[in-house]
Amino acid sequence: MDWETILGLSVLGAFVTTIGSLIATVVKDFFFARSLEKWKSRQQLRQVYLRFRDPLLLTTIELVNRIAEITFESSVNFLEARLLQSHPLRMTANSADDEYYQRYKFISTRYRLCAWFGWVELYRQEVAYLDSGQQKTNGDFEHLIGSIRASLADGHLNQADDWLDWADSLIFREEQRAIGESMLDSQRRSVLGYGSFNEKFIAPGSCLTNMWIPITINFLSDLKSVSGENARDFRRVRCLLVVKHGVSLIECLNKSRVTPRLLEHQRRAERELAVMSAKAVLITSG
(Lines give C-alpha, C1' and ligand atoms only; values in the text may rest on other atoms or scores of the structure.)
Protein backbone atom coordinates (compact mmCIF):
# COMPACT_ATOMS: atom_id res chain seq x y z
CA MET A 1 0.00 0.00 0.00
CA ASP A 2 1.58 3.29 -1.09
CA TRP A 3 1.61 6.56 0.82
CA GLU A 4 -1.11 8.15 -1.29
CA THR A 5 -3.51 5.33 -0.38
CA ILE A 6 -2.59 5.55 3.29
CA LEU A 7 -3.09 9.33 3.33
CA GLY A 8 -6.40 8.95 1.54
CA LEU A 9 -7.65 6.45 4.08
CA SER A 10 -6.48 8.71 6.93
CA VAL A 11 -8.38 11.67 5.50
CA LEU A 12 -11.48 9.50 5.01
CA GLY A 13 -11.21 8.20 8.56
CA ALA A 14 -10.86 11.69 9.93
CA PHE A 15 -13.86 12.79 7.88
CA VAL A 16 -16.00 9.90 9.11
CA THR A 17 -14.90 10.58 12.70
CA THR A 18 -15.81 14.25 12.39
CA ILE A 19 -19.22 13.51 10.90
CA GLY A 20 -19.87 10.94 13.63
CA SER A 21 -18.96 13.47 16.32
CA LEU A 22 -21.24 16.07 14.79
CA ILE A 23 -24.15 13.63 14.62
CA ALA A 24 -23.56 12.55 18.22
CA THR A 25 -23.51 16.19 19.32
CA VAL A 26 -26.75 16.96 17.49
CA VAL A 27 -28.45 13.88 18.91
CA LYS A 28 -27.28 14.68 22.44
CA ASP A 29 -27.95 18.42 22.40
CA PHE A 30 -31.18 18.42 20.39
CA PHE A 31 -33.08 15.16 20.52
CA PHE A 32 -32.03 14.10 24.02
CA ALA A 33 -32.55 17.63 25.32
CA ARG A 34 -36.03 17.80 23.81
CA SER A 35 -36.90 14.39 25.20
CA LEU A 36 -35.70 15.50 28.64
CA GLU A 37 -37.80 18.68 28.48
CA LYS A 38 -40.88 16.72 27.47
CA TRP A 39 -40.28 14.29 30.32
CA LYS A 40 -39.90 17.17 32.78
CA SER A 41 -43.12 18.76 31.49
CA ARG A 42 -45.01 15.48 31.88
CA GLN A 43 -43.67 15.09 35.42
CA GLN A 44 -44.68 18.65 36.34
CA LEU A 45 -48.15 18.07 34.96
CA ARG A 46 -48.40 14.78 36.80
CA GLN A 47 -47.46 16.45 40.08
CA VAL A 48 -50.08 19.17 39.60
CA TYR A 49 -52.71 16.57 38.72
CA LEU A 50 -51.90 14.48 41.80
CA ARG A 51 -51.93 17.55 44.06
CA PHE A 52 -55.42 18.57 42.98
CA ARG A 53 -56.92 15.14 42.36
CA ASP A 54 -58.16 14.45 45.89
CA PRO A 55 -59.73 17.87 46.65
CA LEU A 56 -61.36 17.90 43.21
CA LEU A 57 -62.59 14.37 43.75
CA LEU A 58 -64.16 15.16 47.13
CA THR A 59 -65.67 18.42 45.88
CA THR A 60 -67.17 16.68 42.84
CA ILE A 61 -68.66 13.87 44.97
CA GLU A 62 -70.27 16.40 47.32
CA LEU A 63 -71.62 18.48 44.44
CA VAL A 64 -73.01 15.51 42.50
CA ASN A 65 -74.75 14.09 45.57
CA ARG A 66 -76.40 17.41 46.34
CA ILE A 67 -77.44 18.08 42.73
CA ALA A 68 -78.85 14.55 42.52
CA GLU A 69 -80.83 15.16 45.71
CA ILE A 70 -82.27 18.36 44.26
CA THR A 71 -83.04 16.74 40.92
CA PHE A 72 -84.50 13.40 41.98
CA GLU A 73 -86.16 13.93 45.37
CA SER A 74 -89.62 15.48 45.21
CA SER A 75 -89.45 16.62 48.85
CA VAL A 76 -86.75 19.23 48.21
CA ASN A 77 -87.89 22.51 49.75
CA PHE A 78 -84.68 24.27 50.73
CA LEU A 79 -83.99 26.39 47.64
CA GLU A 80 -86.70 29.00 48.16
CA ALA A 81 -85.35 32.52 47.66
CA ARG A 82 -87.08 33.77 50.80
CA LEU A 83 -84.74 31.69 52.96
CA LEU A 84 -81.82 33.97 52.13
CA GLN A 85 -83.65 36.85 53.80
CA SER A 86 -84.16 35.02 57.08
CA HIS A 87 -81.54 34.61 59.79
CA PRO A 88 -82.71 31.97 62.31
CA LEU A 89 -80.13 31.38 65.01
CA ARG A 90 -80.72 27.67 65.52
CA MET A 91 -82.95 24.71 64.72
CA THR A 92 -86.24 24.78 66.58
CA ALA A 93 -87.71 21.54 65.22
CA ASN A 94 -86.20 18.21 64.26
CA SER A 95 -87.72 18.45 60.80
CA ALA A 96 -86.75 19.05 57.18
CA ASP A 97 -89.19 21.98 57.32
CA ASP A 98 -87.16 23.77 59.99
CA GLU A 99 -86.17 27.17 58.60
CA TYR A 100 -82.62 27.07 60.02
CA TYR A 101 -82.04 23.67 58.41
CA GLN A 102 -83.51 24.79 55.08
CA ARG A 103 -81.33 27.91 54.99
CA TYR A 104 -78.26 25.83 55.83
CA LYS A 105 -79.02 23.46 52.95
CA PHE A 106 -79.44 26.37 50.51
CA ILE A 107 -76.16 27.99 51.57
CA SER A 108 -74.26 24.70 51.60
CA THR A 109 -75.54 23.95 48.09
CA ARG A 110 -74.19 27.30 46.92
CA TYR A 111 -70.93 26.56 48.71
CA ARG A 112 -70.49 23.17 47.03
CA LEU A 113 -71.02 24.69 43.59
CA CYS A 114 -68.70 27.64 44.28
CA ALA A 115 -66.04 25.38 45.82
CA TRP A 116 -66.07 23.21 42.69
CA PHE A 117 -65.47 26.30 40.56
CA GLY A 118 -62.69 27.27 42.97
CA TRP A 119 -60.76 24.00 42.68
CA VAL A 120 -61.16 23.97 38.89
CA GLU A 121 -59.85 27.54 38.67
CA LEU A 122 -56.92 26.79 40.96
CA TYR A 123 -56.03 23.76 38.82
CA ARG A 124 -56.35 25.85 35.64
CA GLN A 125 -53.94 28.45 37.02
CA GLU A 126 -51.37 25.79 37.85
CA VAL A 127 -51.41 24.14 34.41
CA ALA A 128 -51.69 27.35 32.35
CA TYR A 129 -48.13 26.98 31.04
CA LEU A 130 -48.00 23.20 30.87
CA ASP A 131 -48.92 21.01 27.90
CA SER A 132 -51.87 19.39 29.62
CA GLY A 133 -53.25 17.61 26.56
CA GLN A 134 -50.44 15.13 26.02
CA GLN A 135 -51.45 12.58 28.63
CA LYS A 136 -54.65 10.61 28.14
CA THR A 137 -55.68 10.89 31.79
CA ASN A 138 -55.34 14.66 31.73
CA GLY A 139 -57.10 14.82 28.37
CA ASP A 140 -60.09 12.85 29.70
CA PHE A 141 -60.11 14.88 32.91
CA GLU A 142 -60.16 18.25 31.14
CA HIS A 143 -62.80 17.04 28.67
CA LEU A 144 -65.13 16.13 31.55
CA ILE A 145 -64.43 19.43 33.31
CA GLY A 146 -65.36 21.16 30.06
CA SER A 147 -68.57 19.12 29.78
CA ILE A 148 -69.72 20.16 33.25
CA ARG A 149 -68.90 23.79 32.57
CA ALA A 150 -70.79 23.64 29.26
CA SER A 151 -73.81 22.13 31.01
CA LEU A 152 -74.07 25.29 33.10
CA ALA A 153 -73.03 27.84 30.48
CA ASP A 154 -74.42 26.91 27.05
CA GLY A 155 -77.71 28.55 26.16
CA HIS A 156 -78.20 26.60 22.93
CA LEU A 157 -78.72 23.27 24.70
CA ASN A 158 -82.48 23.81 24.87
CA GLN A 159 -83.83 22.94 21.43
CA ALA A 160 -87.53 22.98 22.32
CA ASP A 161 -89.66 24.99 19.90
CA ASP A 162 -90.99 27.03 22.82
CA TRP A 163 -87.64 27.42 24.56
CA LEU A 164 -88.38 31.08 25.29
CA ASP A 165 -91.18 29.99 27.62
CA TRP A 166 -88.90 27.77 29.69
CA ALA A 167 -87.37 28.91 32.96
CA ASP A 168 -83.58 28.88 32.75
CA SER A 169 -80.48 30.49 34.16
CA LEU A 170 -76.88 30.28 32.97
CA ILE A 171 -73.51 30.62 34.65
CA PHE A 172 -71.26 31.69 31.80
CA ARG A 173 -67.72 30.34 31.53
CA GLU A 174 -65.98 33.57 32.49
CA GLU A 175 -68.42 33.94 35.37
CA GLN A 176 -67.52 30.44 36.50
CA ARG A 177 -63.87 31.45 36.51
CA ALA A 178 -64.68 34.67 38.38
CA ILE A 179 -66.62 32.70 41.00
CA GLY A 180 -63.66 30.33 41.25
CA GLU A 181 -61.24 33.23 41.71
CA SER A 182 -63.46 34.68 44.45
CA MET A 183 -63.27 31.36 46.29
CA LEU A 184 -59.47 31.21 46.45
CA ASP A 185 -57.49 31.62 49.64
CA SER A 186 -54.37 33.27 48.19
CA GLN A 187 -52.29 32.75 51.32
CA ARG A 188 -52.72 28.97 51.33
CA ARG A 189 -53.27 28.44 47.57
CA SER A 190 -56.44 26.62 48.47
CA VAL A 191 -60.22 27.11 48.37
CA LEU A 192 -62.18 28.80 51.16
CA GLY A 193 -63.73 26.44 53.68
CA TYR A 194 -67.42 26.57 54.53
CA GLY A 195 -66.84 28.77 57.58
CA SER A 196 -64.76 31.31 55.69
CA PHE A 197 -67.31 31.27 52.85
CA ASN A 198 -70.06 32.20 55.31
CA GLU A 199 -68.02 34.93 56.96
CA LYS A 200 -66.98 36.48 53.65
CA PHE A 201 -70.17 36.21 51.60
CA ILE A 202 -73.16 35.20 53.75
CA ALA A 203 -73.03 36.50 57.32
CA PRO A 204 -74.85 39.77 58.13
CA GLY A 205 -72.41 42.64 57.74
CA SER A 206 -70.07 40.62 55.53
CA CYS A 207 -68.58 42.09 52.39
CA LEU A 208 -71.30 42.67 49.79
CA THR A 209 -69.07 44.02 47.03
CA ASN A 210 -68.44 40.68 45.34
CA MET A 211 -70.67 40.49 42.27
CA TRP A 212 -69.87 36.91 41.29
CA ILE A 213 -70.95 34.66 44.16
CA PRO A 214 -74.60 35.91 44.01
CA ILE A 215 -74.84 34.61 40.43
CA THR A 216 -75.29 31.13 41.86
CA ILE A 217 -78.53 32.29 43.52
CA ASN A 218 -80.13 32.81 40.09
CA PHE A 219 -79.30 29.25 39.10
CA LEU A 220 -80.48 27.63 42.33
CA SER A 221 -83.41 29.70 43.60
CA ASP A 222 -86.76 27.88 43.54
CA LEU A 223 -85.24 24.98 41.61
CA LYS A 224 -87.24 21.85 42.44
CA SER A 225 -87.85 18.37 41.09
CA VAL A 226 -89.89 18.39 37.90
CA SER A 227 -93.60 18.67 38.64
CA GLY A 228 -96.41 21.00 37.72
CA GLU A 229 -95.16 24.48 37.00
CA ASN A 230 -91.54 23.29 37.22
CA ALA A 231 -91.91 20.85 34.34
CA ARG A 232 -90.52 23.45 31.93
CA ASP A 233 -87.51 24.52 33.94
CA PHE A 234 -84.40 23.82 31.87
CA ARG A 235 -82.20 24.24 34.92
CA ARG A 236 -83.25 20.72 35.87
CA VAL A 237 -81.91 19.43 32.55
CA ARG A 238 -78.63 21.19 33.32
CA CYS A 239 -78.59 19.43 36.70
CA LEU A 240 -79.08 16.08 34.97
CA LEU A 241 -76.06 16.84 32.77
CA VAL A 242 -73.98 17.80 35.81
CA VAL A 243 -74.87 14.49 37.48
CA LYS A 244 -74.05 12.49 34.35
CA HIS A 245 -70.70 14.14 33.64
CA GLY A 246 -69.89 14.53 37.34
CA VAL A 247 -70.00 10.78 37.98
CA SER A 248 -67.79 10.24 34.92
CA LEU A 249 -65.34 12.77 36.36
CA ILE A 250 -65.29 10.93 39.69
CA GLU A 251 -64.57 7.70 37.81
CA CYS A 252 -61.73 9.41 35.92
CA LEU A 253 -60.18 10.70 39.15
CA ASN A 254 -60.59 7.51 41.19
CA LYS A 255 -62.74 4.65 39.94
CA SER A 256 -62.92 3.06 43.39
CA ARG A 257 -64.88 6.07 44.70
CA VAL A 258 -67.81 5.49 42.34
CA THR A 259 -70.45 3.97 44.64
CA PRO A 260 -73.56 2.05 43.53
CA ARG A 261 -75.60 5.08 44.57
CA LEU A 262 -73.59 7.37 42.29
CA LEU A 263 -73.95 4.91 39.41
CA GLU A 264 -77.71 4.83 39.95
CA HIS A 265 -77.79 8.63 39.90
CA GLN A 266 -75.90 8.58 36.60
CA ARG A 267 -78.12 5.92 35.03
CA ARG A 268 -81.26 7.79 36.03
CA ALA A 269 -79.84 11.03 34.64
CA GLU A 270 -78.96 9.32 31.37
CA ARG A 271 -82.45 7.85 31.05
CA GLU A 272 -84.12 11.21 31.57
CA LEU A 273 -81.71 12.96 29.20
CA ALA A 274 -82.46 10.36 26.54
CA VAL A 275 -86.16 11.17 26.90
CA MET A 276 -85.37 14.87 26.55
CA SER A 277 -83.35 14.20 23.40
CA ALA A 278 -86.13 12.06 21.91
CA LYS A 279 -88.56 14.92 22.47
CA ALA A 280 -86.14 17.29 20.69
CA VAL A 281 -85.79 19.36 23.84
CA LEU A 282 -82.09 18.72 24.43
CA ILE A 283 -79.60 19.24 21.62
CA THR A 284 -77.44 16.40 22.92
CA SER A 285 -76.99 14.37 26.06
CA GLY A 286 -73.42 13.48 25.16
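The values are calculated or read from the model by the stated rules, or taken from the named source; none is laboratory data. None of the values given here were measured: they were computed from a predicted structure. SASA here: full protein model, heavy atoms, side chains in, ligands and nucleic acids out. Shrake-Rupley method; radii C 1.70, N 1.55, O 1.52, S 1.80 Å.
Confirm whether ARG110 is closer than 30 Å to ARG53 by Cα and among the charged types (D, E, K, R).
The answer is yes for ARG110.
Please report, ordered by residue number, the helices (runs of 4 or more DSSP H) entirely within the range 171-249 with at least 1 residues that are at pLDDT 90 or above and charged (D, E, K, R).
On the way: elements: 173-182, 194-197, 215-220.
The helices (runs of 4 or more DSSP H) meeting that bar are 173-182.
Hey, can you tell me all the residues within the range 177-199 that are open to solvent by less than 90 Å² (accessible area, probe 1.4 Å), within 23 Å of ARG103 (Cα to Cα) and not hydroxyl-bearing (Ser, Thr, Tyr)?
Of everything in the range 177-199, those that are open to solvent by less than 90 Å² (accessible area, probe 1.4 Å), within 23 Å of ARG103 (Cα to Cα) and not hydroxyl-bearing (Ser, Thr, Tyr) turn out to be ILE179, GLY180, MET183, VAL191, LEU192, GLY193, GLY195, PHE197, ASN198.
Determine whether TRP212 is more than 22 Å from the chain's Cα centre (by Cα) and not charged (D, E, K, R). Steps first, please.
Working: more than 22 Å from the chain's Cα centre (by Cα): no; not charged (D, E, K, R): yes.
Judged against the criteria, TRP212 is not a match.
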